[in-house]
Structure formats: structure tokens, C-alpha cells
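Would you mind keeping the following structure in view while I ask a few things?
The values are calculated or read from the model by the stated rules, or taken from the named source; none is laboratory data. Nothing here was measured: the structure is a model prediction, and the numbers come from that model. Cβ sites come from the backbone with ideal geometry, for glycine too, and all protein chains shown count toward neighbours. Surface accessibility is based on the protein's heavy atoms, side chains included, excluding ligands, DNA and RNA. Shrake-Rupley method; radii C 1.70, N 1.55, O 1.52, S 1.80 Å.
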Amino acid sequence: MIPRLALIGLGLIGSSIAHAAKRGNLVGEIVGYARSPETRATALELGFIDRACDTAADAARDADLVILCTPVGTIEAITREIAPALKQGAIVSDVGSVKASVIAQALPHIPKGVHLVPAHPIAGTEKSGPTSGFATLFDNRWCILTPIPGGDPDAVKKVEDFWRALGSNVDTMTPEHHDRVLAVTSHIPHLIAYTICGTASELETVTGSEVIKYSAAGFRDFTRIAASDPIMWRDVFLHNKDATLEVLGRLTEDIFALQRAIRKGDGEMLHDQFTRTRAIRRGIVEAGQDTDADNFGRYKGKKD
Ligand code: NAP
């Protein structure tokens, strides 16, 4: 499908794209660049790239598709650097968790005759780095494209076909809508996880090691997402400020309502709220976006 693919950033998402592209025999050659020589050496050693370059521009040179797989705060500098090396007809895409900001950073630097097609795979784990990727990460997950108005439809179609071939389902929406949806489904849940872990770690000085010892009661499920890469998440909040603040405002109101219900002993309100939220979990399982196994399949047969 793609004679030469360039990956800028060789962490969880970059390496998973490479593994999945190789699994499906979708590319002729994969050229890679990451900031540190250690990551480039690991990528070569693991064999998910065919060639490593010392600069992002060298990696992007003559590539048919360049995918930026770095934190969203790096997009402006990288696009500016690779722009002179891009060949006519090349497609530049990305995987950033925020879309309006990525477009604002990248678009001014994209040369005439090169096509920007922003994308965001809704798939990931709490792990990062070049050893964390795997070929099945995108299977049956969604990838959201946020095409540029007036952009080249053939380039959008190529990126869509590529993501389908990597195993994803593909949806299209505006970048602003994407940023609002992801604020609800991803960004604020991460903020809550980071907050509860921070609060608990302060309480730990009071309760000793009990926070860790009894974590299976619920706390540890927050710690999984709170283990995600801090640079990536710092950039997500700096670059999706409006939508995350809006959702955070709504959440704060809802938490105050629950606080009042607890104080007033309003069991009906609490019961109604908890009943509604159970249905959301059922919907996620029915949509094939998570396992129905007890405790997320953690015990493979055994029970808590
Ligand atoms: P990661 O595992 O931490 O990998 C980031 C990669 O980017 C590393 O190879 C790093 O190089 C490289 N990098 C960082 N700054 C750079 C720079 N200035 N120039 C060149 N390379 C640079 O992160 P990830 O989870 O793959 O996330 C990458 C992107 O995917 C982010 O934009 C994130 O928003 C998006 N995303 C993440 C997830 C997720 O669940 N993790 C899901 C969907 C989308 P070194 O190794 O040398 O530091």
C-alpha cells in the first residue's frame, strides 16, 4: 500500500503501527526517527523499522506517508523541520490525542502539494517506549480522522484505508468535536485517575501501606491509567484546554450534587445515579470495546 513509511516517534503508538504494518505486509520500507539514539537502536534491534535516521528530516525525505507519533507539544517544531524534505504528493499524518491544536501547529508548515491528514487511534495502554508496542493494538478499535476542509479526498482515503488495514474501524469528525468527545472519554478520566492517586499517596502517610495493601478494592483500577506517560498527558491538557475545562466544570457540579446527596442521606439519588452508570459499562462490553470477564479478565478463571 505504502512504498515508504516514515515514523517520527517510536514509542507505544509508533512501534505498534510498525508491527501492525509489517503483520499486514502494508509497506515496502519503514524508516524511523526518535529523539534518543537508544530508542532508535532498540527499534532497529527489535526489527520494527528497517532503517533509522539521525534527524526527523532525513526520515521524512522521499517518504510517501509520514506519521508523527510524538507528544502533541512537539508537532510544530517537527513539522517545521521536516517540511523542506517532504516530496510532492507526500501525506503527513499524526496520532495525537488532541486534534485542533495539532492542526494549528502543523498546517502552516505543510508545503503546497503535500497533504495533511490528522488521525487519532483510540487505542493504547499505560506503557510507553519502543518495547511496549504490539501488532494487535489497533484491532477492532476506532481511529478518528479529522480531515482538513478543502483537503485532498484521495489522501484522506489513503489514510483511512491504511488504518483499516492496521485493524481499526475508522470514523471522521471535525477536530473541535473530536476534542470535546475525547475530553469526556479519555482526558478527564485520566485527570481523575491522576488526582485520586495523588490524594491517596498523601493519605498514605496517615494510613501506612494500607493504600497499596487493600488496593484491589478499586484504587488499583485507577492506578493503571495514572501510570501513563507524564509528558504525553501534560501536553494533552495544555493543548485541549477549553474542552477539558468545560467537562471538568460539569464533573465538579456532579460531584457537588453527590456530596449533597450523601450529606442529606438521599439514597434514592445515589441509587439512581449508580444504576444509570452500570448501563454505560454494559454498552461498552456490548460494543466489543472491553471484555465481559470478571475483573477485566485479570484472574483468568480465578475469582477475587
Ligand atoms: P511514547 O511511548 O512515550 O513515545 C513517544 C516517542 O516520541 C518516543 O519515541 C520519543 O523518543 C519520541 N519523541 C518525544 N519527543 C520527541 C521529539 N521532540 N522529537 C522526536 N521524537 C520525540 O508515547 P506514545 O504513547 O507512543 O504517544 C505518542 C503520541 O500518540 C502522543 O501524541 C499521544 O497523544 C498519542 N496517543 C497515545 C496513546 C496512548 O495510549 N499512549 C493513544 C493514542 C494516541 P524517545 O524514546 O527518544 O524519548
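Can you find, among 279, 203, 223, the residue farthest towards the positive end of the dipole of the range 177-286? Put +1 on the C-beta of Lys and Arg, -1 on that of Asp and Glu.
Among 279, 203, 223, the one farthest towards the positive end of the dipole of the range 177-286 is 279.
Further question: Enter the accessible area per residue of the chain (Å², integer; probe 1.4 Å; all protein chains in place).
Value returned for the chain: 54 Å² of accessible area per residue.
Of the heavy-atom accessible surface of the range 177-286 (probe 1.4 angstrom), what whole percent is carbon and sulfur?
So the carbon and sulfur contribution to the accessible surface is 61 percent.
Which pairs in the list 213/241; 213/264; 22/157; 112/158; 99/157; 127/213 are over 29 Å apart, alpha-carbon to alpha-carbon?
Checking Cα-Cα distances, 213/241; 213/264 exceed 29 Å.
What whole number of Å gives the distance from the Cα centroid of the range 77-111 to the Cα centroid of the range 119-185?
Spelled out, the Cα-based centre of one part sits 16 Å from the other.
Work out which helices of the chain, taken as complete DSSP H runs, extend at least 15 Å along their axis over the Cα atoms and score a mean Kyte-Doolittle of 0.0 or more, then list them.
For the chain, where a helix must reach 15 Å along its axis and average at least 0.0, the hits are 12-23, 188-207.
Run the dipole for the chain about the Cα centre, Lys and Arg Cβ at +1, Asp and Glu Cβ at -1, nothing else charged, and hand back the magnitude in debye, nearest 20.
Dipole magnitude for the chain comes out near 400 debye.
Let me ask another. What is the dipole size for the range 2-173, taken about its Cα centre, with +1 at each Lys and Arg Cβ and -1 at each Asp and Glu Cβ, in debye to the nearest 20?
80
Using helices alone, what [θ] at 222 nm do you get for the chain, with -39,500 (n - 2.57) per DSSP H run of 4 or more residues, divided over all residues and rounded to the nearest 500?
-15000 deg cm²/dmol
Would you work out what percent of the accessible area of the range 2-173, with all protein chains in place, is carbon or sulfur (probe 1.4 Å)?
On the range 2-173, the fraction of accessible area on carbon and sulfur atoms equals 52 percent.
Rounded, prolate or oblate: which fits the range 151-206 when a ≥ b ≥ c are the square roots of the eigenvalues of the alpha-carbon gyration tensor, with rounded for a/c under 1.5 and prolate only if a/b beats b/c?
prolate
For the range 177-286, with the dipole built from +1 on Lys and Arg beta-carbon atoms and -1 on Asp and Glu ones, taken about the Cα centre, which of 178, 236, 258 lies farthest toward the positive end?
My answer, from the dipole projection, is 258.
Running Debye on the chain with equal point scatterers at the Cα sites and no solvent, what base-10 log of I(q)/I(0) appears at q = 0.06 Å⁻¹?
-0.23
Let me ask something additional. How would the range 2-173 be classified by its alpha-carbon gyration tensor: rounded, prolate or oblate, with rounded meaning a/c under 1.5 and the a/b versus b/c comparison settling the rest?
The shape class here is rounded.
Sticking with this structure for a sec: Using +1 on the beta carbon of Lys and Arg, -1 on that of Asp and Glu, and nothing else charged, what's the dipole of the range 63-137 about the Cα centre, debye to 20?
Its charge dipole is roughly 120 debye.
Could I ask something else about it? Can you give the extra length, in nm with one decimal, that the chain gains between residue 127 and residue 246 once fully stretched, where that is 0.36 nm per residue apart less the Cα-Cα distance?
Taking residue 127 through residue 246 to full extension adds about 40.0 nm, to one decimal.
Let me ask you something else. Give the separation of the Cα centroids, the range 46-75 to the range 4-28, in Å.
Comparing the Cα centres of the range 46-75 and the range 4-28, I get a distance of 10 Å.
Are there trypsin sites (Lys or Arg not before Pro) in the range 80-160 that DSSP marks as loop and that have at most 11 other Cβ atoms within 10 Å, and which are they?
In loop regions of the range 80-160 (DSSP not H, G, I, E or B), the sparsely surrounded trypsin sites (Lys or Arg not before Pro) are 112.
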